[in-house]
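**Student:** Dropping the structure in here first, questions after.
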Amino acid sequence: MSLRIRINQSKLTPQEKMIVGLLENSSMTSKKIVDTLMSEPYDLTFHEVFNATRGLKKKGLIVLDDFAGNISIFEIDTYFTFAPDWVFKL
């Protein structure tokens, strides 16, 4: 069964499916995920994105992968990536 079919047939919330779809191709920083999902065409609220990422983390489908920093503006962000065996959890 293809990855897209597994995602679509899973019991994930629509917001969780959007995040999984974004992470399907590459890891993203949490800031990038929030910025992307709160803009067109998604237009999710911050709370929808927060609850979806928290839900995926609790389900073990995403993990914090690494840190990204920008010393010049004192910014630290984290990368989200799939858990190695996440596909089998759908």
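All of the numbers you see were taken from the coordinates with simple rules; none came from a lab. Predicted model only: the values in this text are computed from it and were never measured. Cβ placement follows ideal geometry from the backbone for every residue including glycine, while neighbour counts extend to all protein chains displayed.
**Student:** Send over the semi-axes of the range 6-56's equivalent ellipsoid, whole angstrom and largest first, taken as the square roots of 5 times the C-alpha gyration tensor eigenvalues.
**Tutor:** For the range 6-56, the semi-axes come out at 16, 12, 10 Å.
**Student:** Same structure, new question: Can you order the peptides 37-43, 10-16 by their average number of other Cβ atoms within 10 Å per residue, highest first?
**Tutor:** Working: 37-43: 10.9, 10-16: 15.3.
Put in order of decreasing packing, that is 10-16, 37-43.
**Student:** If we count every other residue with Cβ under 12 angstrom of Y42's Cβ, Lys/Arg +1 and Asp/Glu -1, where does the sum land?
**Tutor:** Net of charged neighbours comes to -3.
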